[in-house]
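Enquirer: A single structure is presented below for examination.
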Amino acid sequence: MATAQASIPLRPHHLLCSLTYRGEGYSAAFIAGYDRVIGRLAAGAPIRIVEGPDAICASRLGEPGCHCHDERLAWRDRQAAADLAPFLGQALPAGAELPGLVDRLAALRAAFAGGTLRTACSGCAWRDLCDQVASAGFAGTRLLPPVPSLS
């Protein structure tokens, strides 16, 4: 019998960030941590929505000037949750569980590229990079759907 994977704690706006993540970030430790989260997402791990710092924030929490507790990120999370809810078929309050993203990755990226899921991106320092990634068809992103088996 297979064991269930533990849920990944994620804040709503990081669900959007994961769509365009190409291995760039604040530090080597941040990138290594983000890569671990992306690997789990790609493997289909379930997600638990959290309010405040999450698995992606973990490496930054002890750094001076860490912005993971800032109110502007709480606003970004509220906007992302509102935008994502119709696409995911459920509200995204803290504690909500999602089965994972890989089955919906193409639809989420199409909506992101079309601007439907971008309210939370307003004023984000990474927005231009994400615009470039989406315009390039998400080439080079690290969250990839699983390769179908040939059997």
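Enquirer: When the label point is put 7 Å from the Cα of ALA85 along its Cα-to-beta-carbon vector, which residues of segment 39-59 have a backbone N closer than 20 Å?
Expert: Counting only backbone N, you get 47-52.
Enquirer: Can you give the extra length, in nm with one decimal, that the chain gains between ASP128 and ASP103 once fully stretched, where that is 0.36 nm per residue apart less the Cα-Cα distance?
Expert: Values: separation 25, 0.36 × 25 = 9.00 nm, distance 2.65 nm.
Using 0.36 nm per residue and subtracting the Cα-Cα distance, I get 6.3 nm.
Enquirer: How large a share of the accessible area of segment 11-119, in percent, is made up of carbon and sulfur atoms when the probe is 1.4 Å and the other protein chains stay in place?
Expert: Carbon-and-sulfur percentage of accessible area, whole number: 56.
Enquirer: Computed from these coordinates, which is P(r) over Cα pairs in 5 Å bins from 0, in percent: (1) 2, 8, 10, 11, 8, 6, 5, 4, 4, 4, 4, 4, 4, 5, 6, 6, 5, 3, 2, 1, 1, 0, 0; (2) 2, 9, 19, 24, 24, 15, 5, 2, 1, 0, 0; (3) 2, 10, 18, 20, 20, 14, 9, 4, 2, 0, 0?
Expert: (2)
Enquirer: Ok, one more. Viscosity 0.890 mPa s, temperature 25 °C: Stokes-Einstein D of segment 1-54 from its Kirkwood Cα radius, in µm² per second?
Expert: On the way: Rh = 11.9 Å.
Estimated diffusion coefficient is 206 µm²/s.
Enquirer: Could you do me a favour and compute the accessible area per residue for the chain, 1.4 Å probe, result in Å²?
Expert: Ligands and nucleic acids excluded, the figure is 51 Å² per residue.
Enquirer: Any idea what Rg and Dmax come out to for segment 77-151 if you just take the C-alpha atoms, in Å?
Expert: Gyration radius and largest Cα-Cα distance of segment 77-151: 13.7, 46 Å.
The values are calculated or read from the model by the stated rules, or taken from the named source; none is laboratory data. Treat the numbers as computed from the prediction; the structure is a model and nothing was measured. FYI the Cβ positions are ideal-geometry reconstructions off the backbone, even for glycines, and counts take in every protein chain you see. Heavy atoms of the whole protein, side chains included, go into the accessibility calculation; ligands, DNA and RNA do not. Shrake-Rupley method; radii C 1.70, N 1.55, O 1.52, S 1.80 Å.
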